Structures are given as structure tokens and as C-alpha cells.
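Below is one structure, written out as C-alpha cells, with a few remarks after it.
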Amino acid sequence: MRILEGIRIALQQIWAHKLKSAFTLIGVIIGITFLIAVITIVEGVNRYVQDDFAGALFGVNTFTVVRRSQVSTGPESEERRRRQARNPYLTMHDVEVVRNAVANAWRFSYSVDRGFSQVSYNERSRKNIRVIGGSEGYETMQGWDIAEGRGLSPLDERKSLKVAVIGADIAERLFPDLSPIGKRIRLGANRLEVVGVWEKQGGLLGVIRDASVLVPISTYRQTMAWRRDRVEEIQVKMRSTEEMEGAMLEVEAALRRDRKLKPDVENSFWLQTSSDLLGAWEKINRILFVALPGLVSISLVVGGIVIMNIMLLSVAGRIKEIGIRKALGARRRDILLQFLAESSTLSVAGAAIGIGLGIAMGKTVDALTPVPASVPMWAIVVSLLLGLLVGVGSGIYPAYRAAQQDPIVALRYE
Amino acid sequence: MTVPNDIVIQTHELKKHYQMGTELVRALRGVDVQIRRNEYIAIMGPSGSGKSTLMNLIGCLDTPTSGEYILNDQPVQDLDDDELARIRNREIGFVFQTFNLLPRATALHNVELPLIYAGVSARQRIERAKEALAQVDLADRMDHKPNELSGGQRQRVAIARALVNRPSILLADEPTGNLDSVTSEEIMTVFDALHDEGQTIIMVTHEPHITAHAERVITLIDGMIESHGAQVGSPVVGA
């Protein structure tokens, strides 16, 4: 009953002094808003990475053979990358070894790539692009859709034709008002005819694709390659995860045999799957989830201190009221509970406002970015509990001070 | 000591001392009083006589330094804070000179307050509070806040609040001190009515025309009883 009384009074006070209440609750509101917003966005990115990103970038049931691991997630993997710096570059011979090891692959391709300072058409140019030389089947492997024109054909590859498919960003930049198809773009000393444009990928990694130029690998070798034999990546796609796991073992065994690696020696190559990238994200995730409670705690502690101070002021200004209540029969614990209820209601109200703001931020992120952000229910429950905790923690000292008042002295106030 | 059992209040050698800095103040130096059910008592005395201290002790707002205080056959001088609070809630109805209502609560909620601390259910509380307000003719003002009521009305709310838990005694400290003469008379009429209905009333005052309403006047000087104001024919303890 005293608790209801406390809650009632607290709500009355909050409403009657909206500006003062807003300042009182700012610490708690900020802490909770931050908590909700980050959890929502992290969960959203999680889902995006798992469902869209990894799948789109890598394709399911796909693995690539590369010279060294491309993803670094911390000191161990850094160390590993350093050792792998001595790994030999992949060559066409490796391509044959791998191809023979996975005769039942659903799709198979290989590629080389490099950065290029710019691609231009007449006076327009786009800087810092990527040039990829892809074997037959490369585009199908990647699953990129053509927006205009066509993709590369086996004829292009066989005759080493000087043709290219360009990404959406390059198309926009070089050909803002006309169709790129049939035009000749310049890559360094080379001129290539544009035969197709990819659909815009967007998103976290799509921006790289949008600024890429794909040419047949034979053309690449003739015009741009340092070492004609070199291969950057070998891509293998299987029909199922089990098949993929089996295929990876086969490829690993075949390459080790071919390179005559002793059993106790590490691989001189690296097999990469989408789970590597997911692993990297998991690490970031974990770091965030450790840093987040720390930051939120600081905010909540500050918020709690503010509430405590406001409550102390409130108690100081209501000494007479406490005296009256005690004269009417309120025990120490009744007064304690009343003020504790007030501070808790304040704090939970702040948490509720923070939850509202956090949800709004989440919805904004959801609307403006590809990240699907929606607030998980557990985050709301945790926030409310945190609000309660802060309320009780910050209110206990002021409530104690209130309860200790001598009724006779208190009644004489004012 | 055996006493007849319609004695509500019995004190024996009640003393109260306290420290004011380095000085020891003897507010009460051994007070014996006896108050029977349905008596209407006035307590008078100049300032510093100890009448406020006596009232605080009778009202269980404080405990004596030494001596006995028996309220309704129960010794209360050694009770702890929580027990005193309970006694205040059940047995004592305070009426103050400055009304002492909660300014941001309605008249009804103010009257409800003792019932909240008594643990009475919400529905019963509202009913009983309404009854108490009706008793002082303020049923139509129960949703008003104190600042929407006149001085006399506020005091009547305070009286309703004091009565709502059916206390053994009504303890009024200069209840008309902040009221004009007309309103004072109204309030005294309320007290008279309550006395007629069987209430035991103890009123602290320094105004002689107020004491005229009482049956008996206890006078204090320098922390001791100067006179019990006994009426002809009624028994008195000590002397």
C-alpha cells in the first residue's frame, strides 16, 4: 500500500515538474537508449551478416582456395597470416590439382584481381577501382545479375577479347546520361569495350563490386598481368554443406600431396569459407558485448547519482510531510518504502523513455540502411530491470534519511 | 496501583530531560495525570511550562526520560519506534494549530492517510474517509485540495482525519490558533459535538475562552502540574 502511495506520488511529481524530471532522468534515459539502440543494431547486423551478407558474398556451400587467409580476427590469426606470408602463389597447376580433386563440383572457377588507380571514358574517370580477371563460369559462381547488356561469354575467354563488364558505380560515374554498352573505356594503356553492367549491389561489401571491372582472365593475362601463370583465388561450389566439407578435405589432401608437404607441416595455402568472415564478425560482436555493458554502466551510475541527489533535495524539502505521516502512524519502513518507490518509479520511467527512444532509433536505422533492426524483447525486459535496480540503489540513502526523521523535530519545520 | 478501568490515560512521575548544547533542560519534572474516558480536558500553561512536551508524550510522539505512562491499561513508556507508531495510528487523533494537511492531496486522501498506515483495504478506506468527512459536514468538498479550502474547512478535514481510525483520544494543539473568532467558534462547536458523542478530548491552549468548553483545566508551570482543575465530586490522583 505504501508502495502504491509512493508510485502515485512519484508519477504526480514527474508530471507536475516535467522539465525538472527530464533533467533528473537524463542519465538513465541516455544509458538505456544507448543500450537498446546498440543491442538492436548489433542484432540486426548479426542477422544481416548471417542471412544476406555472408550468403551473398560467398554463397552457401562455397569455399575458395587462396594463398593466405584474408580475414584477421585477432593476435592468433595475425600470427598465422604472418607465417603464411611465405606461402607460394597459386598457379594454373594448382587450378588443375583442385579441379581434379573435386570432379563432382557443382561450379568451378578461378580468378585474379588487383587494384587499379582509375578507369576512364573521355574526360570522366572513377578512381580506385578493382580489376578482376575471371575464368569461364566466374560470373555464374558469384551469382551477380546483369542490369544491362550481357555477361562474359566463353568466346570472349577463348579469343582473349578486350571486353569488360562494369559495376554500377563505374557505370554511373562514367556514363551518367548514356548507355555504356559498346563504349570503350580506358584502363591504363588498355582499351576495353563495355559489354555489360551489373546490378547495383550496395550494402557493406557490395560497394567494392560496384566499383569493379571484370575482364576475361585470358585478356587480363595478356594486358595487365605481371606473371601470366598466377592465380589469386580458386572458387569451388558444391551442392550441399556435407559435400562441401568433404570436398574441402579432398582439396586439402590433393594440394598437400602435390606440394609434398610432410604430415607435421602446416598447409602452404588456405581454404576460406563464409564462416571465416562470420568468425570475424563474431569477434566484433563479442567485443561490443563486453564494451557495451561497461559504457552503459557508467551512464547508469551517473544517472543513479543524479536521481539520488534529486531525491535528497526532495526529502530535505518534505521534512514536515514526513513528520505528519509519522504522527499519523507511519513507521520507519513505511517512509522508507514510500521514498524508495518514488525513486524507483522515477528510474523506471526514465528507462521506459529510454526504451522508447531506443526503439525509435532502431526503426530509423532499419528504414535508412539495409540492416534489419528490431528491438528484441529481452533487451526491453533487461532495461526495465536495470531501471528498477538504479532506482532502488540510488534511492536507498535518501529514503533512509527520510525514515530517520524525528517526528517532533520534523513537525516544527517551516 | 489499582485504577478504575474507565481511565484512558494515567501517568506517574513522568519526566523528560534533554540536552540543549551543554545545558540539560528539564522540560517535565515529574507529572502525574489521570484522564478518564469521555473527559474534555484543557491543558494550559505559559511558554516553557512543558505543556508541548507533555502533549508529545501523551501523543506517543516521544518517550519519557523516566516515569510511567499507561494508555488504555497498556504501559507505553518503553515502546520502540514501530510500536509507538502503531499506537499513534490506532489510539491517537492529532489536530494541529497549523492543520498539517498534505498540500498536494485531496481532502479525501488526507483523511485516508491513517487508514493507509493501518493497512485497511482501498474500498473500505474510501468509505470510512467519506463517513468521517460527513461527520464534520465536508462531504461535498472531498475532492478539493487544501489550498481550495478555507481555514475552518481545513481544520475540519484535519479533525476528520484525526477521527477516521476511531482513536481513544483526540489530541488538539491550539486548534483555533490560526482561525478568526467566528471560525474558531465553529470549530469549538465541532469539538463539543464530538465530546457529546463520547470522544475523549485533550486540548492544549492558552486562551481562556477556549478552556471554557472543557470540563477540567490542567495547569502546568515550570514542568510541573500546578493544578488538576478537578471538578467538585470527581476523584483525583496525587495532589
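Descriptive notes on the structure:
- Chain A gives an Rg/Rh value of 1.23, both radii derived from C-alpha positions and Rh following Kirkwood.
- Under the convention that each Lys and Arg Cβ holds +1 and each Asp and Glu Cβ holds -1, the size of the dipole of chain B around its Cα centre is about 440 debye.
- Rg/Rh for the stretch A:107-237, where both radii come from Cα atoms and Rh is the Kirkwood radius: 0.93
- For the peptide B:53-63, the mean number of other protein chain Cβ atoms found within 10 angstrom of a residue's Cβ is 2.
- Taking each residue as 0.36 nm, the span from A:LYS20 to A:GLU243 lengthens on full extension beyond its C-alpha to C-alpha distance by 73.8 nm.
- Estimated 222 nm signal from helices in chain A, with DSSP H stretches of n ≥ 4 weighted -39500 (n - 2.57), rounded to 500: -19000 deg cm²/dmol
- Legend: calculated FRET efficiency, B:ASP196 to A:SER297, from the Cβ-Cβ distance at R0 = 56 Å, rounded to 0.05, equals 0.30.
- Pairs from the table (A:LYS183/A:LYS237; A:LYS262/A:LYS283; B:LYS51/B:LYS145; A:LYS127/A:LYS183; A:LYS20/B:LYS130; A:LYS320/B:LYS130) lying more than 28 angstrom apart at Cα are A:LYS183/A:LYS237; A:LYS262/A:LYS283; B:LYS51/B:LYS145; A:LYS20/B:LYS130.
- Projecting the Cα positions of A:ALA225, A:ILE29, A:TYR138 onto the charge dipole of chain A (unit charges on Cβ atoms of Lys, Arg, Asp and Glu, taken about the Cα centre) puts A:ILE29 furthest along the positive direction.
- Seen against the Cα atoms of chain B and their longest principal axis, helix B:122-135 is set at about 80 degrees.
- Note on B:HIS17 and A:SER125: their simple-model spin labels are 10.2 nm apart, each label 7 Å out from Cα toward Cβ.
- Rg/Rh for the stretch A:278-414, where both radii come from Cα atoms and Rh is the Kirkwood radius: 1.18
- Paramagnetic reach from A:THR140 in the stretch A:153-174 [backbone N under 16 Å; point 7 Å along Cα→Cβ]: A:153-158
- Cβ-placed point charges (K, R +1; D, E -1), dipole of the protein assembly as shown about Cα centre in debye, nearest 20: 3820
- Pairwise label distance in nanometres, A:LEU261 with A:LYS183, each label 7 Å out on the Cα-Cβ vector: 4.6
- The residues neighbouring B:ILE218, those whose beta-carbon lies less than 14 Å from its own, together hold a net charge of -1 under the Lys/Arg +1, Asp/Glu -1 convention.
- Beta bridges by DSSP in the stretch A:107-237, antiparallel share as percent, to the nearest 5: 75
- GluC sites (Glu not before Pro) within the stretch A:224-262: DSSP coil, no more than 13 neighbouring Cβ in 10 Å: none
- Taking every residue in B:112-119 and counting other chain Cβ atoms within 10 Å of its Cβ, the average works out to 5.
- The stretch A:107-237, dipole about Cα centre (Lys/Arg Cβ +1, Asp/Glu Cβ -1), debye to the nearest 20: 500
- Of A:PHE339, B:ALA132, A:LEU384, farthest towards positive along the dipole that unit charges on Lys, Arg, Asp, Glu beta carbons give the protein assembly as shown: A:LEU384
- Cβ-derived FRET efficiency at R0 60 Å, A:ASN285 paired with B:GLU127, nearest 0.05: 0.50
Quick note: the coordinates plus some simple rules give every number you see, no bench work behind them. It should be emphasised that the depicted structure is a prediction, and the values quoted were computed from it without experimental measurement. Cβ atoms come from the backbone with ideal geometry, glycine included; neighbour counts cover every protein chain shown.
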